[in-house]
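A short write-up of the structure that comes next.
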Amino acid sequence: MIKVTVWNENLHERLQEEIRQVYPDGIHGCIAEFLSYNDDIAVHVATFDEPEHGLTQEILDATDVLVYWSHMAQEAFSDVVAERIRQAVLNGMGLIALHSAHASKMMKKLLGTTMTLKWRHGDRERLFVTAPSHPIAQYIPEYIELPVEEMYGEYFDIPKPDDVVFTGWFAGGEIFRSGCTFTRGLGKIFYFQPGHEAYPTYYDKYIQRIITNAVYWCAPTRRLKQPMDNQEVKMTPEEISGYAAKARRKATEEQGNVTSHVISHGSKADAGWENAVDDGMEPAGPIKLSIFYEHLREAMEQTGKSLEKLLAEAKKAGISGVEMEFSTLVKKPELHRIIQNAGMEISNLYQFFDFGNHYAAGMHAGRKMIDTAKAMGIQRVMIIPGFLAPEQAKELTKASGSFEETAAYMEGISEILAMRDAIAELTEYATERGIMVSMEDFDAFDSPIARMNPIKWFLTQVPGLKHTLDMGNYAFSNESAAEAYELFKDQIGHVHCKDRGEEKEEDPEIWKGLGVPFGEELAHRRGMKPVPVGDGYMPIAELVKKLKDQGYQGYMAIEHFGAPDQLGFMLKSAEFMRELLKDD
């Protein structure tokens, strides 16, 4: 967890109504909000009027990265606190100095120059990436446009930066080293120019992404508790090495008998577990079966059995993979080891995102998911990119009967374009690491990927993106799973085997109110009831045969969310699927 303190004078916002209109919660509130969307960032805020400006020694000791905005009270800021910040940076704390914080006491102390520059209000800025390989510039386009920003111009009196990550060009003709990095002691510093208090710069998704990237870059890998100082060497590295070797030999002699006993005999639990793992029935051919971790979790609650016992039963039934939500794995990383110990693997990671509203947070989580998949040997990830406002979803549903109308509508919605851009970047990032990215047909009225034509648009827009064919979800939108297979068969990278049981449907008037363009007759939706695979009305056998004939190789995930008997459903579904997967 990266601990971030966002510091802001909070004077403009309190004293000037026009500034309060732009940042009603303060600049610090805006920055803290978008940073807090990252699960691995914990945010604390502090302001000028607090005792010691809210930056006590205890606060700085607990801070990994300080994000700092100042302007009105540069000279009134405490010399003691400024020195305290300088020392914290030397000891390893990261620092992000924003906009007019260039003239703060702490920056002058750290960089040792006047930090002077030229300025003018109310200009247009084009911010260019001038170090595209730098981590702070990750997933930022070649340049971004800021319609109104305060001009900062050269000469900027700073020491030579380690990197000039961004360079700003202003409509008046000036240029400026707008994003510079420095190293002081063990601490990393990023100075970033955009962010005048009168302009809504910090609401821009790319500015938010840059600051978020900078937090991850600035976060310390090492932090000293005491000030850096000259130290007398009382023991040489060779002497330390000799003592350590002697201690290791002694520990080995003391523990030798215990270790050899464990290696020779193991425990009864280990022996029984080994037998359970080896007793599995693998389905014939290149297609393997998997089950959702959430089904196993519900089965634990329903049966009182341990996860280890349920995995053993799944393995025995011919299931070799577990499909898991990434956020679950983040909270319980030990699940990877438990699944491996069962002789199984995580077959697919999936995650829900909100790229339309929280792009930077989503991108960091997406890259983290892909990096985790790479580290754990997981070959597939699936992205649910976000959801739409009710009116947007209703209009998209109306348009979705035609691909042309779908494309025209989707290309006019900024949230959908953000989803597309995020998926494209993450697909490229994953492909470079040997990971496949897919998108399923997600069963929700406000999902932009609930129907064939919207999915086709995403697959057309994003090279390398694959489709997870969920056999039961097209029924949700009253579309044919068989038709979807024919449309996407060359792009299918993963499969969910979900059946649906017949039941009384909703009032067709509800569908009309939601804008569903299929009229009163629901030809493909006869019920959403969860049933074991093979017990419902979905054409499971037909689709599996087509996938086998096509040469599909990969996992088919058994799926029945909401089942009253998850274990029973799992075993019955696995038996049905094993029969389908037998060689003809």
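Taking the criterion of being among the small types (Gly, Ala, Ser) and on the phi < 0 side of the Ramachandran plot, the residues of segment 85-116 that qualify are ALA88, GLY94, ALA97, SER100, ALA101, ALA103, SER104. Determine, yes or no, whether GLY386 is at positive phi and surrounded by fewer than 17 Cβ atoms within 10 Å (Cβ to Cβ). So GLY386 does not fit the description; no. Candidates are the residues of segment 357-380 that are modelled with pLDDT of 90 or more and outside any helix (DSSP H, G or I); the one that is surrounded by the fewest Cβ atoms within 10 Å (Cβ to Cβ) is GLY377. In summary, no strands (runs of 3 or more DSSP E) completely within segment 1-100 bear 3 or more residues that are in contact with a strand residue (DSSP E or B) (Cβ under 9 Å, 6 or more places away or on another chain) and at pLDDT below 95.
Of a type in the set (S, T, N, Q) and in contact with a helix residue (DSSP H, G or I) (Cβ under 8 Å, 6 or more places away or on another chain): is that true of THR130 in this structure? Criteria not met by THR130.
Every residue, every condition in (1) without any contact (Cβ under 8 Å) to a residue 24 or more places away in the chain; (2) under 34 Å from the mean Cα position of the chain (by Cα); (3) surrounded by 22 or more Cβ atoms within 10 Å (Cβ to Cβ), yes or no:
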site	(1), (2), (3)
LYS529	no, yes, no
VAL533	no, yes, yes
TYR537	no, no, no
ALA541	no, no, no
LYS548	no, yes, no
HIS560	no, yes, yes
GLN566	no, yes, yes
SER573	no, yes, yes
MET577	no, yes, yes
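Filtering segment 414-449 to residues that are more than 17 Å from the chain's Cα centre (by Cα), within 19 Å of PHE352 (Cβ to Cβ) and assigned to a loop (DSSP other than H, G, I, E, B) leaves ASP441, PHE442, ASP443, ALA444, PHE445, ASP446, SER447, PRO448, ILE449. Counting residues in segment 205-216 that are in contact with a strand residue (DSSP E or B) (Cβ under 9 Å, 6 or more places away or on another chain), farther than 21 Å from GLY362 by Cβ and touching a residue at least 12 places away in the same chain (Cβ under 8 Å) gives zero. Scanning segment 480-492 turns up one or more residues that are farther than 22 Å from GLY362 by Cα and either outside any helix (DSSP H, G or I) or within 21 Å of the chain's Cα centre (by Cα) (or both). Residues in segment 379-391 that are under 16 Å from PHE352 (Cβ atoms) and without any contact (Cβ under 8 Å) to a residue 60 or more places away in the chain: 2 in all.
Residue-wise test of (1) under 33 Å from the mean Cα position of the chain (by Cα); (2) buried (at least 20 other Cβ atoms within 10 Å of the Cβ).
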residue	(1), (2)
ILE2	yes, no
GLU17	no, no
CYS30	yes, yes
ALA42	yes, no
ASP49	no, no
GLN57	yes, no
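Here's a check for you: in segment 113-128, which residue that is more than 26 Å from the chain's Cα centre (by Cα) and under 26 Å from ALA422 (Cα atoms) is surrounded by the most Cβ atoms within 10 Å (Cβ to Cβ)? Working first, answer last.
Of all residues in segment 113-128, those more than 26 Å from the chain's Cα centre (by Cα) come to 113-126.
Still in the running and under 26 Å from ALA422 (Cα atoms): 125-126.
Working: GLU125: 27, ARG126: 15.
Filtering segment 113-128 for residues that are more than 26 Å from the chain's Cα centre (by Cα) and under 26 Å from ALA422 (Cα atoms), the one surrounded by the most Cβ atoms within 10 Å (Cβ to Cβ) comes out as GLU125.
A quick yes/no check of all residues on (1) closer than 24 Å to LEU426 by Cβ; (2) crowded, with 21+ Cβ neighbours inside 10 Å; (3) touching a Gly at 6+ places or on another chain (Cβ under 9 Å); (4) modelled with pLDDT of 95 or more:
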position	(1), (2), (3), (4)
THR130	no, no, yes, yes
GLU150	no, yes, yes, yes
ASP163	no, no, yes, yes
PHE166	yes, yes, yes, yes
ILE175	no, no, yes, yes
GLY179	yes, yes, yes, yes
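In segment 459-476, which residues are in a loop (DSSP other than H, G, I, E, B) and surrounded by 24 or more Cβ atoms within 10 Å (Cβ to Cβ)? Can you show your working first?
As a first pass, look at segment 459-476 and keep what is in a loop (DSSP other than H, G, I, E, B): 462-465, 471-472.
Scanning segment 459-476 gives LEU465, MET471, GLY472.
Looking at segment 392-405, I want the residues that are more than 13 Å from PRO448 (Cα to Cα) and have a partner that is part of a loop (DSSP other than H, G, I, E, B) with Cβ atoms under 7 Å, at least 6 apart or on another chain. Which pairs are those? Once the first residue is more than 13 Å from PRO448 (Cα to Cα) and sits in segment 392-405, its partners that are part of a loop (DSSP other than H, G, I, E, B) give GLY401/PRO517.
The values are calculated or read from the model by the stated rules, or taken from the named source; none is laboratory data. Owing to the predicted nature of the structure, the values given are computational and were not obtained by experimental measurement. Every residue, glycine among them, receives a Cβ derived from its backbone with ideal geometry; neighbour counts consider all protein chains shown.
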